[in-house]
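Engineer: Once you've had a glance at the structure underneath, I'll fire off some questions.
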Amino acid sequence: MGRRKKMVERVTALMNEPEMIRNIGIVAHIDHGKTTLSDNILAGAGMISKELAGRQLFMDSDEEEQQRGITIDSSNVSMVHTYDEKDYLINLIDTPGHVDFGGDVTRAMRAVDGAVVVIDAVEGTMPQTETVLRQALKEHVKPVLFINKVDRLINELKVDSQEMQIRLGKLIDHVNKLIKGMNEERYKAGWRVDAAEGTVAFGSALYNWAISVPMMQKTGITFNDVYNYCREEDMQALADQCPLHEAVNDMVIRFLPSPIQAQEDRVSVIWHGDKSTPIAKSMKDADAKGDLAFMVTDISMDPHAGEVATGRLFSGSLSRGMEVYVSGAAKKNRIQQVGIFMGPERLEVEKIPAGNIAAVTGLKDAMVGSTVTTLDGMAPFESIKHASEPVVTVA
Ligand code: GDP
């Protein structure tokens, strides 16, 4: 069986097992390394060719795929990652890299349950780090931390191994103060990031390595080893022993929630309809047999398929030919194609169950923020608002 066919089988099998899905976003201040990180974890997971990673291109070099004119959508990508001998589907929603697009970050946060917060080890948290973190916490999207550019601490700032660890510790403390200040209830519920537990990874996206405490235990690599490899400019040895995608994806799978774990809490924040109704229960449980509840978080133009509405399916199943209500529209819309993501490619499927990120055509009345449902008169999801409160100051 060809590589592509095998991947199609794995992705379509996983889309039916919501407990094996992680819907996540990567958020960062501009230039802290979000693009480099996304490209390299995608290449590490075998979803794009290694040659293209780092050139900020989500593409597949497979000639056959190019000839068939498949759709490349760089704003949503997915990958299959194996952790503890089990396959997981990680759906990664792109978030814009500039603070002016705060509204778009909020849209992306609607679709996901977890976020990898990327921070440059030298620059530390910046105003936009705070903005994106606040947006995540406001939407009850759980954070984990990736401290990037650790190589710069060693090779540019020339700190020693002990100083490196002190600086990393201070950065983590600062992030925790921010989390506590922004959402104390979630902080107390265990959303503190903690290196010892494994909710923090350290590394260098550019040089393709990363390490977390669980990974240190597994590989025997210590902070001193990291320091020495960087100083000796042998980061390839680190990349071989502690590949970036493994550290980051293991962390995502272990510590960010599946739709089944997340939806009750997420729905309580973004939907204020009657909690005693069957649709409330179905969204809470990510029930594929319930009425349809789909929230549109992005609209893009596809040269082949026309307008594509991408969003999060909280309840029910999407399939071709379905007649649905779109919030604010007088007439029902008819769904034409339904697809999920495989790498950067949109893959057309027959049916998509709750818990997935889905891409749909035929929703001619849909806009970003629309609620799409089979239930006449369903209370729509909360409108998408950009969090614009003042920056939290931490002493
Ligand atoms: P984004 O704006 O957050 O998407 O950041 P990019 O991924 O475009 O990275 C910004 C710059 O930082 C680029 O020049 C990258 O090559 C560089 N960069 C990214 N990761 C690292 C790293 O781990 N170490 C170093 N030294 N540079 C990095």
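Engineer: Can you tell me which of 342-352, 75-85 comes out highest on packing, and rank the rest after it, using the mean Cβ neighbours within 10 Å?
Structural biologist: Answer by packing, highest mean first, reads 342-352, 75-85.
Engineer: Mind checking the full-extension length gain between Ala237 and Lys289? Use 0.36 nm per residue of separation minus the Cα-Cα distance, one decimal, nm.
Structural biologist: Computed gain between Ala237 and Lys289 is 13.8 nm.
Engineer: Over the chain, consider all pairs of different Cα atoms and compute the Kirkwood hydrodynamic radius from their mean reciprocal separation; express it in Å, one decimal.
Structural biologist: Working: mean 1/r = 0.0468 Å⁻¹.
After inverting the mean inverse Cα-Cα distance, the result is 21.3 Å.
Engineer: Please report the antiparallel percentage of the DSSP beta bridges confined to the chain, to the nearest 5.
Structural biologist: Values: 45 of 65 bridges.
DSSP beta bridges in the chain are roughly 70 percent antiparallel.
Engineer: A follow-up question, please. Arranged from highest to lowest average of other beta-carbon atoms within 10 Å per residue, in what order do the peptides 369-381, 172-184, 327-339 appear?
Structural biologist: 369-381, 172-184, 327-339
Engineer: Could you compute the FRET efficiency for Lys170 and Glu323, with r as their C-beta to C-beta distance and R0 at 56 Å, rounded to 0.05?
Structural biologist: Numbers: r = 56 Å, r/R0 = 1.00.
With a Förster radius of 56 Å, E is 0.50.
Engineer: Take Glu348 and Ala330, extend 7 Å from each Cα along the Cα→Cβ direction, and tell me the distance between the two endpoints in nm.
Structural biologist: Spacing of the two 7 Å Cα→Cβ label points: 3.2 nm.
Engineer: Right, here's the next one. Run a plain Debye calculation on the stretch 118-275 (Cα atoms as equal point scatterers, no solvent) and give log10 I(q)/I(0) at q = 0.09, 0.17 Å⁻¹, rounded to two decimals, same order as the q list.
Structural biologist: Result of the Debye calculation: -0.32, -0.99.
Engineer: Let me ask another. Can you list the trypsin sites (Lys or Arg not before Pro) in the stretch 286-330 that are in a DSSP coil and have 14 or fewer other beta carbons within 10 angstrom?
Structural biologist: Counting only loop positions with at most 14 other Cβ atoms within 10 Å, the trypsin sites (Lys or Arg not before Pro) in the stretch 286-330 are Lys289.
Engineer: Per residue, what volume in Å³ does the convex hull of the Cα atoms of the stretch 321-365 enclose?
Structural biologist: Roughly 83 Å³ of hull volume per residue.
Engineer: In the stretch 91-230, what percentage of the DSSP-assigned beta bridges are antiparallel, given to the nearest 5?
Structural biologist: 25
Engineer: Another question, if that's okay. Would you mind telling me the share, in percent, of accessible area of the chain contributed by carbon and sulfur at probe 1.4 angstrom?
Structural biologist: Here it works out to 48 percent.
Engineer: Based solely on its DSSP helices, what 222 nm [θ] is calculated for the chain when runs of n ≥ 4 H residues each add -39,500 (n - 2.57) and the sum is averaged over all residues, nearest 500 deg cm²/dmol? Write down the numbers at each step before the final one.
Structural biologist: Details: 13 runs with 133 residues, N = 395.
Using -39500 (n - 2.57) per qualifying helix, the result is -10000 deg cm²/dmol.
Engineer: Only Lys, Arg, Asp and Glu count, each charged at its Cβ (+1, +1, -1, -1), so figure out the dipole size of the chain about its Cα centre, rounded to 20 debye.
Structural biologist: Value, rounded to 20: 900 debye.
Engineer: Run the quick spin-label model on Asp274 and Lys218: label points 7 Å from Cα toward the beta carbon, then report their separation in nm to one decimal.
Structural biologist: Result for the modelled spin labels: 4.8 nm.
Engineer: Nearest 20 debye, what's the magnitude of the dipole of the stretch 140-222 about its Cα centre given +1 on Lys and Arg Cβ and -1 on Asp and Glu Cβ? Walk me through the intermediate numbers first.
Structural biologist: Details: 12 positive and 9 negative charges, 37 e Å.
Around 180 debye, computed over the stretch 140-222.
The values are calculated or read from the model by the stated rules, or taken from the named source; none is laboratory data. All values derive from a computational prediction rather than experimental measurement. We place every Cβ from the backbone using ideal geometry, glycine too, and count neighbours over all the protein chains shown. For the accessible areas, the whole protein counts, side chains as well, though only heavy atoms, and no ligand, DNA or RNA atoms are used. Shrake-Rupley method; radii C 1.70, N 1.55, O 1.52, S 1.80 Å.
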